[in-house]
Amino acid sequence: MGDKVWGFNDSGLQSHAQYLTVSENEAIAHIPEGITYQQAAASIEGAHYAYNFIKRVPFGGNRKVMLNGASGAIGSAALQMLKYYGAEVTAVCNTQNLGLIKSLGADRVIDYLQADFTQDWKLYDFVFDAVGKSSFGKCQRLLKQGGVYISSELGVNAENPFLAMWTPFRGGKQVRFPLPTDRKGSIVFVKKLLEGGKFRPVIDRWYPLEDIAEAYRYVLTGQKTGNVMIRCNQDES
Ligand SMILES: NC(=O)c1ccc[n+]([C@@H]2O[C@H](COP(=O)([O-])OP(=O)(O)OC[C@H]3O[C@@H](n4cnc5c(N)ncnc54)[C@H](OP(=O)(O)O)[C@@H]3O)[C@@H](O)[C@H]2O)c1
């Protein structure tokens with residue numbers, strides 16, 4: 001009783017409830033020392049998807065990664081996880097977020113308002129599109145032989161799950177479309193990163209609970225940076 005915990009559940013509409021019962025075997029953990037409730041809350045949803053996408057492929061050990069949408073909730077978490085695993089990351093964002101993305105560890109940053117990342121001159125082991133704005137077709141030329149394309153979105157014609165089924169059999173460049181089912185693994189991993197000072201949640205803005213519709217409208221612009229937070233209780237810390 002009274003422990004400071006945080007958790008995650010993306011399985012239904014109860015996500016915005018102020019109180020929730022969660023089994024101790026599910027995605028719930030003690031908040032690390034020195035981390036506030038707000039920081040903990042901003043450290044899980046995008047991080048959960050990022051973790052589930054990148055853990056299915058060997059992203060670490062100096063692998064070269066092109067990360068599109070690095071300033072989003074998934075992208076900003078993925079960038080920090082990729083750096084934790086030792087990948088060399090070229091990250092894509094807009095002019096306004098160049099400083100933020102460098103501060104999160106990107107080795108090189110491409111401003112998508114100035115250049116088309118799909119026309120980059122380098123070859124990569126992985127292209128990870130964390131906002132799903134590209135396609136395997138456009139990104140193939142960036143991949144080394146055997147390189148892998150992952151997108152957080154289905155694709156313009158919902159092609160990514162199908163490409164993920166057949167490209168591994170034909171050899172060469174591949175598509176993966178991991179299902180983000182491991183919630184417990186996500187929170188255990190993020191907790192470890194927070195404890196080691198290897199993860200900094202990016203918070204864009206806060207809305208009080210009564211303005212949640214306004215918060216959704218802002219998120220739907222597709223231009224948020226990191227996470228948008230809902231404050232249920234003015235006294236939270
Ligand atoms: N597969 C799954 O299970 C799953 C689960 C959750 C979410 N998703 C999907 O994953 C995507 C990302 O979610 P999210 O919450 O991380 O998104 P998000 O935070 O809303 O992404 C917004 C970010 O995308 C960037 N962006 C917008 N247009 C861009 C472009 N043309 N090129 C590069 N970056 C661009 C924006 O950067 P600037 O401000 O710099 O423009 C902004 O920082 C969403 O499409 C969501 O539907 C998939």
Hey, how many Å between the Cα centroid of segment 52-92 and the Cα centroid of segment 160-196? 12
Approximate spin-label separation Asp211-Gln18, in nm, with each point projected 7 Å along Cα-to-Cβ: 1.9
Given charges of +1 on the Cβ of Lys and Arg and -1 on the Cβ of Asp and Glu, with all other atoms neutral, how large is the dipole of segment 32-183 about its Cα centre, in debye to the nearest 20? 480
Relative contact order %, segment 1-46, counting alpha carbon pairs below 8 Å whose residues are six or more apart: 50
Can you compute the radius of gyration and Dmax for the chain, using only the Cα atoms, both in Å? 18.0, 57
On the first, second and third principal axes, largest extent first, how far apart are the outermost C-alpha atoms of segment 35-130 in Å? 42, 31, 17
Given 20 °C and 1.002 mPa s, compute D for segment 143-226 with the Stokes-Einstein relation, Rh being the Kirkwood radius over Cα pairs; round to the nearest whole µm²/s. 130
Residues other than Ala77 with Cβ under 15 Å of its Cβ, Lys/Arg counted +1 and Asp/Glu -1, net out at +3
Given Lys64/Lys191; Lys83/Lys191; Lys64/Lys144; Lys138/Lys173; Lys102/Lys192; Lys64/Lys102, which pairs have Cα atoms separated by over 18 Å? Lys64/Lys191; Lys102/Lys192
Percent of Cα-Cα distances greater than 13 Å, calculated over segment 100-154: 64
So, with points 7 Å from each Cα along the Cβ direction, the Glu26-Asp107 label distance in nm works out to 4.0
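The numbers here are math on the coordinates, done by the rules we state, and not lab data. Note that the structure is predicted; figures quoted are calculated from it, not measured. Note that each Cβ is placed from the backbone with ideal geometry, even for glycine, and that neighbours are counted across all protein chains shown.
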